[in-house]
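The values are calculated or read from the model by the stated rules, or taken from the named source; none is laboratory data. Please read these numbers as outputs of a predicted model, since none were measured by experiment. Here the Cβ positions follow ideal geometry from the backbone for every residue, glycine too, while neighbour counts run over all protein chains shown.
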Amino acid sequence: MMNIWNDAGRPPHERVSALMAEMTLPEKLAQLGSHWTKANVGNGAARVAPIEEALVAVAGEAEAMAHGIGHLTRPYGTRPLTVAEGRAELVRRQRFLVEETRLGIPAIAHEECLTGFAAHGATVYPTPLAWAATFDTGLIERMGAAIGRDMAAVGVHQGLSPVLDVVRDYRWGRVEETIGEDPFLVGAIGTAYVRGLQSQGVIATLKHFAGHAASRGARNHAPVSIGPREMADVILPPFERAVVEGGAGSVMNTYTDQDGVPAAADPRLLTDLLREEWGFEGTVVSDYGSVAFLRTMHRVAASDGDAARVALTAGMDVELPNTRCYGEELHQQVVSGRVSEETVDRAVRRVLLQKVGLGLLDAGWTPEADAGVGTPVDLDSDANRALAAEIGARSVVLLANDRAVLPLDAARTRSIALIGPRADDPQTFLGCYSFPNHVLPKYPGHPLGLHIPSLRDALAAELPDAAVVYEQGCPVTGGDGSGIPAAVSAAAQAGLALVVVGDRSGMFGNGTSGEGCDVADLRLPGRQAELIGAVLDTGTPVVLVVVSGRPYALGDLAPRCAAVVQAFMPGQEGGAALAGVLTGRTEPSGRLPVQIPAEPGAQPGTYLNPPLGRYSEGISVLDNRPLFPFGHGLSYTSFAYRDLALSAGRIPTDGEVEISCLVRNSGPRAGRETVQLYFDDPVAQVARPVLQLADFAGVWLEPGEEKRVTFRLHADRTAYTGLAGHRIVEPGTIRLMVGSSSADLPLTAEVELAGPERRLRGRGAVR
């Protein structure tokens, strides 16, 4: 006879209730834990972190899973396995759960998927900062779906992405993982990724909830020193949008503490806000080791059991990556009465409901079918690579082209000096959470498993008749400048110097960008700035290409260059993407999701500065104006704006206004313009940003073609946290601006919000 919980025809809550009625306390607790099989992990010299001991399993696999398990951690993303090897390992572990535990409940298998499925040989897409540079939600939703399709095909149920941290300080190492510095852009792009991933039946995990990128001094894991208003108006909106509009199935906490309260122990964040106000119904999973960190790092718990009590009570459902605190230690907390079984049941129900939704409890489910055994799968298919190439090309930002040296013409391409430490390294284009940069440093000499052309390779294919002389000049890091004279000599003899600099992405000091790779200021790493300056001194026209995970200060260099191009780690097809933009095969259309600073120490903050955060001549000698502003990006054509029209000059505080304008391609080539709508609230209860992105839209125009672009702006979009601490829509005048960047807004108008002040609550707070 079929168990009630295996009957797919019954309502999910009925199935889960029937199963929970059969479960012992150890079986319930097992569903809140996880296991990471890290046997045979490589022994390369690359460090992971001094906190790695907190991530190690405290029990062997059989013991850890004796009563079942909630999650299996990274079955494909821990070692360089083939698909067949990964499937066999996953099936073995799932079959143990099905056949060797009393209730036979399969586990949720989760993986990283920040730049694609983090498995050996899987397509590496551009970093999230590059997603943001496309300003294209539809493109990123397609990518999310492609990633989800590959993960689902091999039995992975949950992906640990997207990162919705809003950049507050460019020195933070994980800027490359973010979707930029504007909460509206982060929310729009991040929610598109969630929709794409979950359309394939893979649960998206929002991280890091909340405030990770606002850590003090841009240091990883540092305390967060921001007020509740900045948290509410800048940090939280992307998460709210991805929960309310995107229906995200999981949320992961941040490691940091805000005002002394660690996120993993904060019921106001994990329960009151997330569940009661936003209506979130999924699971909250711990960032790796963060439950134990309540004892070891935050010191708000006296023991692992105490840490489990604090976290579970706050609303943390699942401990990842191993069961360290939610096992026997939590069991003792329940037996002693310090944690109620009702609190345990609350979390268990959430986990089991997800397993029901994934089909893991259905009659006839098998590990082999779930993992797709016998079904061919290509994790780096032609379709994947084409999509990665499209996103990579769309993300490249042309910052300057003052002397019109780009696109490269036939005369110049016959004599090019290709210089710089990023010009001939295929891993230049990959982020720190890509499998080659995240896992393979532990396996020195192991093949990448992917064909990744460097920019040098791509240019040779793009310009087969060009005479290209390559000189590294200097490494990315360190003081070795012995190659600079050779680079100078090559540049002096060339018609054009193409200088390619930037970051090497890695983890915890293994790179210049990535998790734990925080910096003191925004100078280019190593002697790269010196290399650029020496090449510029030759008088040869210089095209500067920066491939990086964060913006670097270019104020002393960019104005001397003939052209400047920025790429934010554009993925495995990044070489071809850059070469296409440089030669004009691809029309540049990327726009900056973060500003490019002029000075390395005069932090501009982000463009969301209130009046006192802006440049104030005569008040301070520090000029914090950016070299290139948020939203900036050039094309090989030009665009003109005219005829701004509003559907009404006055709307109620719960109303909506339609804003439109005509955009014309006034140049010689077809191109894509990203039309940007901003607003300003000139008089408010509190100091607000001088400028905020309200919406954006891409439009493709042939030469001479003109189209009307229309936006709809609800009054709720102007909401902010008022003096009383509530999100409000306030009556008054709102200034609207339309143009091509935050600093190029030729069209302006005003709309009056009329009527009573409105307080926004719960799901109605997102538009």
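Considering only residues that are assigned to a loop (DSSP other than H, G, I, E, B) and either within 29 Å of Val251 (Cβ to Cβ) or touching a residue at least 60 places away in the same chain (Cβ under 8 Å) (or both), which ones fall in segment 344-365? Please lay out each step first, then the result.
We begin by selecting, within segment 344-365, every residue assigned to a loop (DSSP other than H, G, I, E, B); these are 358-365.
Answer for segment 344-365, where residues must be assigned to a loop (DSSP other than H, G, I, E, B) and either within 29 Å of Val251 (Cβ to Cβ) or touching a residue at least 60 places away in the same chain (Cβ under 8 Å) (or both): Leu358, Gly359, Leu360, Leu361, Asp362, Ala363, Trp365.
Which number in (1) surrounded by fewer than 21 Cβ atoms within 10 Å (Cβ to Cβ); (2) touching a residue at least 60 places away in the same chain (Cβ under 8 Å) marks the one condition that Val751 misses?
(1)
Quick test of your reading of the structure: Gln566 fulfils all but one of (1) surrounded by fewer than 20 Cβ atoms within 10 Å (Cβ to Cβ); (2) within 22 Å of Pro541 (Cα to Cα); (3) among the polar types (S, T, N, Q). Name the failing condition by number.
Here Gln566 clears every test but (1).
Could you grab me the full set of residues in segment 323-361 that are among the charged types (D, E, K, R) and within 29 Å of the chain's Cα centre (by Cα)?
So the first thing to find is which residues in segment 323-361 are among the charged types (D, E, K, R), and the list is 324, 328-329, 338, 341-342, 345-346, 349-350, 355.
Arg324, Arg350, Lys355 - these are the residues of segment 323-361 that are among the charged types (D, E, K, R) and within 29 Å of the chain's Cα centre (by Cα).
Within segment 72-80, is even one residue outside any loop (DSSP other than H, G, I, E, B) and at pLDDT 95 or above?
Looking only at segment 72-80, we keep the residues that are outside any loop (DSSP other than H, G, I, E, B), and these are 72-73.
So of that shortlist, the ones also at pLDDT 95 or above come out as 72-73.
Checked against the condition, which is being outside any loop (DSSP other than H, G, I, E, B) and at pLDDT 95 or above, segment 72-80 yields at least one hit.
Can you tell me which residue among Thr538, Thr583 is among the hydroxyl-bearing types (Ser, Thr, Tyr), surrounded by fewer than 24 Cβ atoms within 10 Å (Cβ to Cβ) and over 20 Å from Leu524 (Cβ atoms)? Let's see the steps before the verdict.
Values: Thr538 fails: over 20 Å from Leu524 (Cβ atoms).
On inspection, the qualifying residue turns out to be Thr583.
In segment 682-726, which residue that is farther than 18 Å from Arg229 by Cα and either free of Cβ contacts under 8 Å to residues at least 12 places away in the same chain or acidic (Asp, Glu) (or both) is surrounded by the most Cβ atoms within 10 Å (Cβ to Cβ)?
Checked segment 682-726; the qualifying residue surrounded by the most Cβ atoms within 10 Å (Cβ to Cβ) is Asp695.
Show me the strands (runs of 3 or more DSSP E) found entirely inside segment 624-677 where at least 1 residues are basic (Lys, Arg).
On the way: elements: 626-628, 639-646, 650-652, 656-665.
Ranges flagged: 639-646, 650-652, 656-665.
Could you say which residue among Ile4, Ile51 is touching a Ser or Thr at 6+ places or on another chain (Cβ under 9 Å) and modelled with pLDDT of 85 or more?
After ruling out the rest, the residue left standing is Ile4.
Is it fair to say Val699 is β-branched (Val, Ile, Thr), touching an Asp or Glu at 6+ places or on another chain (Cβ under 8 Å) and under 30 Å from Arg585 (Cβ atoms)? Outline the logic, then answer.
Values: β-branched (Val, Ile, Thr): yes; touching an Asp or Glu at 6+ places or on another chain (Cβ under 8 Å): yes; under 30 Å from Arg585 (Cβ atoms): yes.
Here the answer is yes, as Val699 does meet what is asked.
Just one of Asp424, Asp465 is surrounded by fewer than 19 Cβ atoms within 10 Å (Cβ to Cβ) and touching a helix residue (DSSP H, G or I) at 6+ places or on another chain (Cβ under 6 Å); which is it? Let's see the steps before the verdict.
Numbers: Asp465 fails: touching a helix residue (DSSP H, G or I) at 6+ places or on another chain (Cβ under 6 Å).
From the options Asp424, Asp465, the qualifying one is Asp424.
Across segment 368-400, which residue is surrounded by the most Cβ atoms within 10 Å (Cβ to Cβ) among those that are touching a residue at least 40 places away in the same chain (Cβ under 8 Å) and acidic (Asp, Glu)?
Restricting attention to segment 368-400, the residues satisfying the condition of being touching a residue at least 40 places away in the same chain (Cβ under 8 Å) are 368, 370-373, 375, 377, 379-381, 383-385, 387-400.
Of the ones still in play, those that are also acidic (Asp, Glu) are 368, 370, 380, 390.
Working: Glu368: 16, Asp370: 22, Asp380: 20, Glu390: 19.
So, considering only residues that are touching a residue at least 40 places away in the same chain (Cβ under 8 Å) and acidic (Asp, Glu), the one surrounded by the most Cβ atoms within 10 Å (Cβ to Cβ) is Asp370.
Among Asp480, Asp518, which is the only one that is assigned by TED's automatic domain parsing to the domain that holds Ala576, in a loop (DSSP other than H, G, I, E, B) and in contact (Cβ under 8 Å) with a residue 60 or more places away in the chain? So that I can check it myself, show each step before the final result.
On the way: Asp480 fails: in contact (Cβ under 8 Å) with a residue 60 or more places away in the chain.
Result of the check over Asp480, Asp518: Asp518.
Name every residue in segment 175-216 that is buried (at least 24 other Cβ atoms within 10 Å of the Cβ), in a loop (DSSP other than H, G, I, E, B) and on the phi < 0 side of the Ramachandran plot, in order of residue number.
Scanning segment 175-216 gives Thr178, Ile179, Glu181, Asp182, Val202, Ala210.
Among the listed residues Arg87, Arg92, Arg102, which satisfies the condition of being modelled with pLDDT of 95 or more, in the same structural domain as Gly327 (by TED's automatic domain parsing), among the basic types (Lys, Arg) and buried (at least 24 other Cβ atoms within 10 Å of the Cβ)? Don't jump to the end; show me each part of the working.
Values: Arg92 fails: buried (at least 24 other Cβ atoms within 10 Å of the Cβ); Arg102 fails: buried (at least 24 other Cβ atoms within 10 Å of the Cβ).
None of the other options fit; the residue is Arg87.
Is it the case that Ala213 is touching a residue at least 40 places away in the same chain (Cβ under 8 Å), within 24 Å of Gly282 (Cβ to Cβ) and out of contact with any helix residue (DSSP H, G or I) (no Cβ under 6 Å at 6 or more places or on another chain)?
Working: touching a residue at least 40 places away in the same chain (Cβ under 8 Å): yes; within 24 Å of Gly282 (Cβ to Cβ): yes; out of contact with any helix residue (DSSP H, G or I) (no Cβ under 6 Å at 6 or more places or on another chain): yes.
Taking the combined requirement at face value, the residue satisfies it.
With the structure loaded, tell me whether Tyr125 is part of a loop (DSSP other than H, G, I, E, B), within 24 Å of Gly77 (Cα to Cα) and touching a helix residue (DSSP H, G or I) at 6+ places or on another chain (Cβ under 8 Å) or whether it fails that test. If you could, list the steps in order and put the result at the bottom.
Details: part of a loop (DSSP other than H, G, I, E, B): yes; within 24 Å of Gly77 (Cα to Cα): yes; touching a helix residue (DSSP H, G or I) at 6+ places or on another chain (Cβ under 8 Å): yes.
Considered against the rule, which asks whether it is part of a loop (DSSP other than H, G, I, E, B), within 24 Å of Gly77 (Cα to Cα) and touching a helix residue (DSSP H, G or I) at 6+ places or on another chain (Cβ under 8 Å), Tyr125 comes out as yes.
What is the number of the single condition among (1) touching a helix residue (DSSP H, G or I) at 6+ places or on another chain (Cβ under 7 Å); (2) of a type outside the set (Phe, Trp, Tyr); (3) within 17 Å of Glu181 (Cβ to Cβ) that Ala567 does not meet?
The one condition Ala567 does not meet is (3).
Inside segment 384-475, counting only helices (runs of 4 or more DSSP H) that do not spill past its ends, which hold 3 or more residues that are under 24 Å from Gly516 (Cα atoms)? It would help to see each step written out before you state the result.
Values: elements: 410-413, 435-438, 455-462.
Helices (runs of 4 or more DSSP H) meeting the threshold: 435-438.
Matching residues to (1) among the charged types (D, E, K, R); (2) out of contact with any strand residue (DSSP E or B) (no Cβ under 9 Å at 6 or more places or on another chain); (3) assigned to a loop (DSSP other than H, G, I, E, B):
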| residue | (1), (2), (3) |
| --- | --- |
| Gly533 | no, yes, no |
| Thr538 | no, no, yes |
| Val543 | no, no, no |
| Leu554 | no, no, yes |
| Glu599 | yes, no, yes |
| Thr606 | no, yes, yes |
| Asn609 | no, yes, yes |
| Leu612 | no, yes, no |
| Leu622 | no, yes, yes |
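What are the pairs with Cβ atoms under 7 angstrom where one residue, in segment 176-198, is over 12 Å from Pro593 (Cβ atoms) and the other, located anywhere, is surrounded by 24 or more Cβ atoms within 10 Å (Cβ to Cβ) and aromatic (Phe, Trp, Tyr)? Sequence gap at least six, or different chains.
Glu177/Tyr433
Out of the residues in segment 460-483 meeting the condition of being within 35 Å of the chain's Cα centre (by Cα) and among the aliphatic types (A, V, I, L, M), tell me which one is farthest from Thr413 (Cα to Cα). So that I can check it myself, show each step before the final result.
We begin by selecting, within segment 460-483, every residue within 35 Å of the chain's Cα centre (by Cα); these are 460-463, 470-481.
Still in the running and among the aliphatic types (A, V, I, L, M): 460-461, 463, 476.
Values: Ala460: 11, Ala461: 13, Leu463: 7, Val476: 26 Å.
My answer is Val476.
Any idea which of (1) among the aliphatic types (A, V, I, L, M); (2) under 30 Å from Asp382 (Cα atoms); (3) at pLDDT below 95 is the one Val547 doesn't satisfy?
(3)
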